[in-house]
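The values are calculated or read from the model by the stated rules, or taken from the named source; none is laboratory data. Everything numeric here is computed off the predicted structure, so don't read it as measured data. Cβ placement follows ideal geometry from the backbone for every residue including glycine, while neighbour counts extend to all protein chains displayed.
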Amino acid sequence: MKTNLKKGKITMAIAISIACFALTFVMLMQFKIVNQTDITAIENMRETELRTELANWKAKYEETELKYEEIEEKIDEYKKTKQSNEETEKLVDDELEQVNMTLGKTYVEGEGIEVTLRDTENEEITKISSSDLLVIVNALKLAGAEAISINEERIVNMSDIVTINNSFIKVNGQRILAPYVIKAIGNQTYLESALLGNGGCVDELKKIGHDVSIVKVNKVKINQYNDEIKIKYME
C-alpha cells in the first residue's frame, strides 16, 4: 500500500510540473503577441480596422486569461489531492502501528506491575511450573493487561508456555530459568487485585510455600515478540 502511495506522489508531482509548464507557455505566448505587434501599422489602420484588431486582441486576452484560471484550478486540485494522500498515509501508518502493538510486534512501555516467582530450597515444595506461570498470565489478561512478558519473552496469542521433562520451562520456544519475572502493563490496581484477591493465584501459591512478590512499576518496559506469527488455518 505504501508503494502505491509513493507512486501517487510521484504522479502528482509530474502533473503539477506539467501544469506549471503549460502556464508559463501561455504567458510567453501572450508576451510574444504583444512584441510582434507593429505599432506603425496600427497608426496607419483605419478606425474600423483598429476596432476589429482591438476586438481580436481582447478575445485572445480573454482566452489566455481563461486558460490561466483553468491551470490555476488544476494546480489547486493537485495540491489538495497531495495533502489528502499525505493524510491517508499517516492514517494508514497509525493503524499499522496500532495493529503491530496489538500483535506484540513493537516495544512498549507504561504503568503496570512486576511479579517475581522464585523456587525454594524446600524439597517438599514443588518447583514453579509452566502451569503456575500460565495461571498468572491468564489472570492478568482477564484484569485488562495490555502487554505481558515472562523473563523478557513477549506473550502473545501464539505464545507457548510449557514444562520440558519436568526440569525446565520454555516460553516462545526459549528456555527460561528462575527467578521468573512476569511483567504486565495496565491498571496497577486491577492487575494486583486479580492476583491477590480472595482465592487469587498468587495467594494460593504463597499458601503452599512459594516465594512470590508483586511490585508496582510506573514504567514497565516490555520487548517486542521476535518470532514470526504464522497463520495456518485462517483465510
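Here are some notes:
- Those residues of region 175-206 which are in a strand (DSSP E or B) and more than 23 Å from Thr120 (Cα to Cα), in sequence order: Ala184, Ile185
- Contact map, region 99-112: residues that are over 19 Å from Leu140 (Cβ atoms) paired with residues that are modelled with pLDDT of 90 or more and of a type in the set (A, V, I, L, M), Cβ distance under 6 Å, separation 6+ or inter-chain. No pairs are found.
- Residue among Ile229, Ile164, Ile128, Ile208 that is crowded, with 16+ Cβ neighbours inside 10 Å and either at pLDDT below 95 or closer than 23 Å to Asn100 by Cβ (or both): Ile128
- Residue in region 170-180 that is in contact with a strand residue (DSSP E or B) (Cβ under 6 Å, 6 or more places away or on another chain), under 16 Å from Glu109 (Cβ atoms) and modelled with pLDDT of 90 or more present: no
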